[in-house]
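Worksheet for the structure shown next.
The values are calculated or read from the model by the stated rules, or taken from the named source; none is laboratory data. Just so it is clear, the structure is predicted and the values come from calculations on it, not from any experiment. Glycine also receives a Cβ, built like all others from the backbone with ideal geometry; neighbour counts cover every protein chain displayed. Side chains included, ligands, DNA and RNA excluded: accessible areas come from the protein's heavy atoms. Shrake-Rupley method; radii C 1.70, N 1.55, O 1.52, S 1.80 Å.
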Amino acid sequence: APLGLIAMAGASELGKKVDGYLTKWANENEFVKDTFLVEAVCPRFSSGDGKGLIKSSIRGDDLFILCDVGNYSCTYNYFGRENSMSPDDHYQDLKRLIGSCRGARRVNVVMPFLYEGRQHKRTRRESLDCALALEELIDMGVSNIITFDAHDPRVQNAIPLTGFENIQPTYQII
């Protein structure tokens, strides 16, 4: 299937690098393509509510969404004041974009830092936010989730029948 790449706010620099590698590889292999990036935004209303908007056709595409939930440098206007995006804000924007991906062949999420990855097991009566988030993404139609160095790789047990790639960057660090 054709490939599409959405780089969310906070992952745009990474998205440009990935797109550069992909377009170079495609052009070297006689598959001429200017860009794999799909323009998508999550505008906010003055109340802080948002929406996901994909500005081009993705029908039939294998879509990869890059989302950096740990990027605190992203901001949005909230009742006239500038507010920094939290991991929860990034995750909500991710869900908004997934909701607007109807028609894509497959949706894959690349999340370098796993959302709520530190909250992976119970010690008392508390929520398992990471497991709930993974289940929610799969229920929304995500086929694969790719992350790097998950705090506890056993969290993939929350979604045992779907793709969960936990890439260990040990050799890159060394």
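Tell me, yes or no, whether the stretch 21-33 has at least one residue that is without any contact (Cβ under 8 Å) to a residue 60 or more places away in the chain, surrounded by 19 or more Cβ atoms within 10 Å (Cβ to Cβ) and not acidic (D, E).
Looking for residues that are without any contact (Cβ under 8 Å) to a residue 60 or more places away in the chain, surrounded by 19 or more Cβ atoms within 10 Å (Cβ to Cβ) and not acidic (D, E), one finds none in the stretch 21-33, hence no.
Condition (residue is among the charged types (D, E, K, R) and more than 29 Å from F148 (Cβ to Cβ)) applied to the stretch 64-75: is it met by at least one residue?
Of all residues in the stretch 64-75, those among the charged types (D, E, K, R) come to 68.
Those left that are additionally more than 29 Å from F148 (Cβ to Cβ): none.
No, the conditions are met nowhere in the stretch 64-75.
Every residue, every condition in (1) assigned to a helix (DSSP H, G or I); (2) exposed (fewer than 14 other Cβ atoms within 10 Å of the Cβ); (3) at pLDDT 85 or above; (4) of a type in the set (S, T, N, Q), yes or no:
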residue	(1), (2), (3), (4)
S127	no, yes, no, yes
A133	yes, no, yes, no
I138	yes, no, yes, no
S143	no, no, yes, yes
T147	no, no, yes, yes
Q156	yes, no, no, yes
F164	no, no, yes, no
Q172	yes, yes, no, yes
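Taking A26 as meeting all but one of (1) more than 19 Å from S100 (Cα to Cα); (2) within 14 Å of the chain's Cα centre (by Cα); (3) among the hydrophobic types (A, V, I, L, M, F, W, C), write down the number of the exception.
(2)
Take the conditions open to solvent by less than 20 Å² (accessible area, probe 1.4 Å) and under 30 Å from F79 (Cβ atoms) and apply them to I54. Does it pass? Spell out the reasoning first.
On the way: open to solvent by less than 20 Å² (accessible area, probe 1.4 Å): no; under 30 Å from F79 (Cβ atoms): yes.
Spelling it out, it is not the case that I54 is open to solvent by less than 20 Å² (accessible area, probe 1.4 Å) and under 30 Å from F79 (Cβ atoms).
Mind listing just one residue for me: the one in the stretch 43-73 that is under 15 Å from the mean Cα position of the chain (by Cα) and in a loop (DSSP other than H, G, I, E, B) and, of those, farthest from G10 (Cα to Cα)?
It comes out as G52.
Has the stretch 88-110 got any residue that is without any contact (Cβ under 8 Å) to a residue 12 or more places away in the chain and assigned to a loop (DSSP other than H, G, I, E, B)? Steps first, answer last, please.
Kept after step one, since they are without any contact (Cβ under 8 Å) to a residue 12 or more places away in the chain, are these residues of the stretch 88-110: 88, 102.
Restricting the remaining residues to those that are assigned to a loop (DSSP other than H, G, I, E, B) gives 102.
Scanning the stretch 88-110 turns up at least one residue that is without any contact (Cβ under 8 Å) to a residue 12 or more places away in the chain and assigned to a loop (DSSP other than H, G, I, E, B).
What do you reckon, is V69 modelled with pLDDT under 95, under 28 Å from P169 (Cβ atoms) and among the aliphatic types (A, V, I, L, M)?
Numbers: modelled with pLDDT under 95: yes; under 28 Å from P169 (Cβ atoms): yes; among the aliphatic types (A, V, I, L, M): yes.
So V69 passes the test.
Select from the stretch 1-23 the residues that are in contact with a Gly (Cβ under 7 Å, 6 or more places away or on another chain), small (G, A, S) and modelled with pLDDT under 95 and list them in ascending order. Working first, answer last.
Within the stretch 1-23, the subset in contact with a Gly (Cβ under 7 Å, 6 or more places away or on another chain) is 1-2, 5, 7.
After this cut, where a residue has to be small (G, A, S) as well, the list is 1, 7.
Residue satisfying the conditions is A1 alone.
If a residue must be crowded, with 23+ Cβ neighbours inside 10 Å, within 15 Å of G141 (Cα to Cα) and not β-branched (V, I, T), how many such residues does the stretch 60-96 contain?
2
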